[in-house]
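The values are calculated or read from the model by the stated rules, or taken from the named source; none is laboratory data. The model shown is predicted, which means the values in this text are computed figures rather than measured ones. FYI the Cβ positions are ideal-geometry reconstructions off the backbone, even for glycines, and counts take in every protein chain you see.
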Amino acid sequence: THDFSHLTLGSWQKLLSARALLEEISASYQWLLQTNPSTREVEGRESQFFLNSNLLYLIAATDGNEDTVGHSQLVAHYALVLARQMGLTQPHFLLDLERGALLHDIGKIAIPETILRKPGALTKTEKNIIKEHPLVGYELIKNYEFLKKAADIVLYHHERYDGQGYPYGLKGEEIPLAARIFSVADTLDAITSDRPYRRGQSFLVACEEIEKEKGSQFDPQVVEAFFEIKEKTWLEIKYSLRKKQVYLSTTH
């Protein structure tokens, strides 16, 4: 357990609201599994749709930023494509990867908006506050059975392959595979999407950055899988999700 005694009253209120929503989602999800035998299988579309749509609602309700929902959907889809390219087709792994990707930044609800949306450079103190969001998010979701594995992505998505990341400085295969996959997917979207302080850059720029960080920020095997996928595929994902609010399913 981590010490979050320094969080502001506003941050605690957001976290308590998120916890209350998670309790409601958990209760409804368990009821769905118990009353409809067809949803008990991991491949059940109905249960997946229910849970994913509610997790997106959780993000929208607690974050209040429409861009966050779109980013979460997009990186989840990117991560699933990468995982499948690596031959990772186990339904449980894909479900956990998807849910972790959707919730990866849930801990940012405890970070003041003035820091998250600051157009200029962050101070050292502000950077340290930002770096707490994986820990906050992990503590928020770790005790829900259906999110236990997903919580690893929330906790470790800013670790680096060379051990220079945070919060723990894990290195190489010490970092869970799902988090290593997610890291590449997240960077692709971070570079190519608009941010408060800059316009999104081209796919080519993203490719150059991912190649440059191979073996340092990123797992080389994940990078190799990334470059096996055609640019057209990534662009189709991005623009199809931009046109529609698609709730992802690992079964399609």
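Counting residues that are at pLDDT 80 or above and closer than 29 Å to L235 by Cβ, which helices (runs of 4 or more DSSP H) fully inside segment 1-114 reach at least 2? First the steps, then the outcome.
Numbers: elements: 9-35, 45-63, 66-85, 91-102.
By residue number, 45-63, 66-85, 91-102.
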- Message: Take A150 and tell me if it is among the small types (G, A, S) and modelled with pLDDT of 95 or more.
- Response: yes
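Working only within segment 103-142, note down all residues that are aliphatic (A, V, I, L, M) and closer than 13 Å to D63 by Cα. Talk me through it step by step, then tell me what you get.
The first filter runs over segment 103-142 and keeps only residues aliphatic (A, V, I, L, M), leaving 103, 106, 109-111, 115-116, 121-122, 129-130, 135-136, 140-141.
Result: L103, I106, I109, A110, I111, L116.
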- Just a yes or no: is a residue in segment 194-205 in contact with a helix residue (DSSP H, G or I) (Cβ under 9 Å, 6 or more places away or on another chain), hydroxyl-bearing (S, T, Y) and either in a loop (DSSP other than H, G, I, E, B) or within 23 Å of G70 (Cα to Cα) (or both)? yes
- Find all pairs meeting these conditions: Cβ atoms under 9 angstrom apart; at least six residues apart or on different chains; first residue within segment 188-211 and loosely packed, with under 12 Cβ neighbours inside 10 Å; second residue among the hydrophobic types (A, V, I, L, M, F, W, C). P196/L116; S202/I191
- All positions within segment 115-155 that are more than 26 Å from N54 (Cβ to Cβ), part of a helix (DSSP H, G or I) and touching a residue at least 12 places away in the same chain (Cβ under 8 Å): I115, I129, I130
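Among the residues of segment 169-189, is there at least one that is of a type in the set (S, T, N, Q), under 29 Å from K118 (Cα atoms), assigned to a helix (DSSP H, G or I) and at pLDDT 95 or above? So that I can check it myself, show each step before the final result.
To start, the set of residues in segment 169-189 that are of a type in the set (S, T, N, Q) comprises 183, 187.
Imposing the further condition that a residue be under 29 Å from K118 (Cα atoms) reduces the set to 183, 187.
Subsequent filtering for residues that are assigned to a helix (DSSP H, G or I) retains 183, 187.
Narrowing the set further to residues that are at pLDDT 95 or above leaves 183, 187.
Checking segment 169-189: at least one residue is of a type in the set (S, T, N, Q), under 29 Å from K118 (Cα atoms), assigned to a helix (DSSP H, G or I) and at pLDDT 95 or above.
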- Note on the structure: Output for Cβ contacts, cut-off 8 Å, separation at least six or different chains, first residue without any contact (Cβ under 8 Å) to a residue 40 or more places away in the chain and under 18 Å from R180 (Cβ atoms) in segment 218-240, second acidic (D, E) and assigned to a helix (DSSP H, G or I), reads V223/E211; F227/E211
